[in-house]
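Enquirer: Got a structure for you, written out below as structure tokens; questions coming shortly.
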């Protein structure tokens with residue numbers, strides 16, 4: 001299954017790389033590459049990770065990579081990466097602003 005990153009997910013990866021770069025420039029690039037690889041792997045096993053417990057009806061799932069959470073939804077023909085956020089963030093406020 002193909003994997004599609006939303007503009008928000010691309011922006012998240014860019015920001016993650018910039019933050020890491022402030023402390024370790026060489027690690028920033030490799031970590032963002034790892035995040036991207038983990039996103040792409042979801043095309044091979046889209047249902048391997050759990051739905052968000054309090055929001056199952058939304059169809060949003062999450063995969064953990066280090067301190068980061070990859071939020072995605074399985075569509076008919078693609079896996080849509082919605083956001084990639086640090087685990088300490090209030091992700092519910094960002095994903096469900098209502």
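Enquirer: Given the conditions (1) modelled with pLDDT of 95 or more; (2) closer than 24 Å to residue 93 by Cβ, report the number of the one that residue 53 does not fulfil.
Expert: Here residue 53 clears every test but (1).
Enquirer: Can you tell me which residue in the range 74-98 is surrounded by the fewest Cβ atoms within 10 Å (Cβ to Cβ), limited to those that are in contact (Cβ under 8 Å) with a residue 60 or more places away in the chain and under 21 Å from residue 14 (Cβ atoms)?
Expert: It comes out as 86.
Enquirer: Working only within the range 19-41, note down all residues that are within 17 Å of residue 6 (Cα to Cα) and free of Cβ contacts under 8 Å to residues at least 40 places away in the same chain.
Expert: 32, 33, 36, 37, 38, 40, 41
Enquirer: Residue by residue through the range 1-26, note down the ones that are surrounded by 13 or more Cβ atoms within 10 Å (Cβ to Cβ), in contact with a helix residue (DSSP H, G or I) (Cβ under 8 Å, 6 or more places away or on another chain) and assigned to a helix (DSSP H, G or I).
Expert: Matches in the range 1-26: 9, 13, 16, 17, 20, 21.
Enquirer: Please indicate, with yes or no, whether at least one residue in the range 39-48 is at negative phi, touching a strand residue (DSSP E or B) at 6+ places or on another chain (Cβ under 8 Å), modelled with pLDDT under 95 and exposed (fewer than 15 other Cβ atoms within 10 Å of the Cβ).
Expert: Within the range 39-48, not a single residue is at negative phi, touching a strand residue (DSSP E or B) at 6+ places or on another chain (Cβ under 8 Å), modelled with pLDDT under 95 and exposed (fewer than 15 other Cβ atoms within 10 Å of the Cβ).
Enquirer: Continuing with this model, one more query. Quick one: how many residues across the range 71-86 are closer than 12 Å to residue 6 by Cβ and assigned to a strand (DSSP E or B)?
Expert: Selection size over the range 71-86: 10.
Enquirer: For the range 56-63, does any single residue satisfy the condition of being in contact with a strand residue (DSSP E or B) (Cβ under 8 Å, 6 or more places away or on another chain), closer than 19 Å to residue 94 by Cα and part of a helix (DSSP H, G or I)?
Expert: There is at least one residue in the range 56-63 that is in contact with a strand residue (DSSP E or B) (Cβ under 8 Å, 6 or more places away or on another chain), closer than 19 Å to residue 94 by Cα and part of a helix (DSSP H, G or I).
The values are calculated or read from the model by the stated rules, or taken from the named source; none is laboratory data. These numbers come from a predicted model, not from an experiment. Reconstructed Cβ throughout: ideal geometry from the backbone, glycine too, with neighbour counts over all protein chains shown.
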